[in-house]
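Below is one structure, written out as structure tokens, with a few remarks after it.
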């Protein structure tokens, strides 16, 4: 084939698989493949071509799609009703999930407050035990001291009370 006779570069049906498109670079097939163009891509391409020619897309000849104005209005109304039902269902589902999430949510401050209360309670218990131990020790120590002192006083002789101590002779 001569270069002049070759089709311009673009997407063409793949000679090996007709369900796909393959890129023709103007001289030979490349390894670049893609799915066929969707109807939206085809309409966009048509609009682009009309704009390149200086025409507005509305000026092109309308296609006969086989749907009357009344049928189109009925289809649109049905689609709106179904869409509204689906939106309501999704809104209800999201609301119920949000309510459930709010019920299951525990603020972080609660966790820290609980830890603070726990540590404070533990410190209070330790302090109470320490105070009780201190007072118990004081009572026992004083009782022991007074018992010792009482025994010393009882052990003193009546003779030693009125006498003066003797001095050692030097």
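Nothing in this text is a laboratory measurement; each read-out follows from the coordinates by a stated rule. Predicted, not measured: the structure shown is a model, and the values here were computed from it. Counting neighbours? That spans all protein chains shown, and the Cβs are built from the backbone with ideal geometry, glycine included.
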If you average the alpha carbon positions of the stretch 8-57 and of the stretch 116-137, how far apart do those two centres end up, in angstrom?
84
Take 28, 88 and order them by how many other Cβ atoms sit within 10 Å, fewest up front.
28, 88
